Amino acid sequence: MKRKEIVSLILLILVIGVGFWQYTNRKYTDKRSRIMLDTIVEISVTSQQKSIEPIIEKGFALIEHYEQKFSEYRDSSMVWQINHAEGKPVAIDNEMYELLQFSERLYKDTEGAFDVSVGAVINKWDFDNKIVPTDAEIAEALKFVGFDRIKYTEKEIVVPAGMQLTFGAIAKGYVLDRVAELLEKEDVVCGYVTTRSSYRTFGDSVVPMKVGIQHPRNMNDIIAVLRLKNKSIGTSGDYQQYFEVDNKRYHHIIDARTGYPVVNTFSVTVVCDNAFEADGLSTALFLMEPRKAVEYIKSWKDAETIIYYLENDEIISLKSMGMKRYLDKEYEE
């Protein structure tokens, strides 16, 4: 065989080899969104399987399972049963116990500002009709608030009659983690699952995913971009659910000690390994004074935060020490 023929043969083998490698390592990406958990949930999956929709549907089915379990409004849910038990014991499982333990820690760490028993107060705030409750109504509702009055074990819980539990600040993150764990078992390469306030990435992505942080006052703009790989973020903002009366903004992040929304803090974003902690911590930090919040985040392993708040009529950003490694330099302040 002539030298030219040998070279041609080698090149042909290389081309075939590269083509075979590309064929065996080809990847497909699909994403779907659905209204669930009182928001829009989006799931994106990259896999070597061409048919990705059934994988994504498994994720949505699991979300439906948890919505049935943690919803405050479905009479078949565990939360509904607890809230309507009139002081009687209700059986719980390991997952509810996990939510309660995390809730108790944040309750103690925020000196009662974060409290999942604040439901009676939240129910007084009518965001749809822009109605501010009276001081007397708030005071009456606060009589039914106080996590320290809850008694629970791994098997059962007892809450005082009239107390209403709400896990809106942590349940979404918990659900996203469970969905991510499920999808990772489905032979996927990488992906994400997100709501408006929580974002969980998973898998072996080649490059970090870019996630924007909503500008707290310019709704068509982002104020920062994060680069994430196998990380989660939780964001709490006073722009997510609010109304204004007499030029005063009333939003859904309620200090359980006062019954009123926090003032001057606009947005808190937390980055950590799982969405459960990121979700709860973003709300807990929102309820703290910003500098105290940045100091507090040091007590959580691998957790970082960026806080936007009002000072001297200007939006100020405050970051924990490690937050810079997640910020895209193109958008970095």
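The values are calculated or read from the model by the stated rules, or taken from the named source; none is laboratory data. Remember, it's a predicted structure, so these values are computed and weren't measured experimentally. Glycine gets a Cβ as well: all are built from the backbone with ideal geometry, and neighbour counts include every protein chain shown.
The figures follow:
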{"item": "Some residue of segment 106-123 being of a type in the set (Lys, Arg) and either surrounded by 13 or more Cβ atoms within 10 Å (Cβ to Cβ) or within 23 Å of residue 250 (Cβ to Cβ) (or both)", "result": "no"}
{"item": "Residue that is closer than 27 Å to residue 130 by Cα and among the aliphatic types (A, V, I, L, M), where the choices are 278, 284", "result": "284"}
{"item": "Hey, residue 175 of a type in the set (A, V, I, L, M, F, W, C), within 17 Å of the chain's Cα centre (by Cα), in the same structural domain as residue 232 (by TED's automatic domain parsing) and under 22 Å from residue 73 (Cα atoms) or not", "result": "yes"}
{"item": "Residue ranges of strands (runs of 3 or more DSSP E) in segment 227-333 with at least 1 members acidic (Asp, Glu) and in contact with a Gly (Cβ under 6 Å, 6 or more places away or on another chain)", "result": "304-311"}
{"item": "Residue ID - nearest to residue 266 (Cα to Cα), chosen from residues in segment 207-226 that are not in a loop (DSSP other than H, G, I, E, B) and not hydrophobic (A, V, I, L, M, F, W, C)", "result": "214"}
{"item": "Residues of segment 158-172 that turn out to be small (Gly, Ala, Ser) and under 10 Å from the mean Cα position of the chain (by Cα), as a count", "result": "3"}
{"item": "Odd one out for residue 51 among (1) of a type in the set (Gly, Ala, Ser); (2) at pLDDT below 90; (3) outside any loop (DSSP other than H, G, I, E, B)", "result": "(3)"}
{"item": "Odd one out for residue 16 among (1) in the same structural domain as residue 250 (by TED's automatic domain parsing); (2) modelled with pLDDT under 95; (3) of a type in the set (Val, Ile, Thr)", "result": "(1)"}
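Yes or no, residue by residue, for (1) surrounded by 22 or more Cβ atoms within 10 Å (Cβ to Cβ); (2) over 16 Å from the mean Cα position of the chain (by Cα):
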site: 187; (1), (2): no, yes
site: 193; (1), (2): yes, no
site: 199; (1), (2): yes, no
site: 205; (1), (2): no, yes
site: 218; (1), (2): no, yes
site: 223; (1), (2): no, yes
site: 252; (1), (2): no, no
site: 255; (1), (2): no, yes
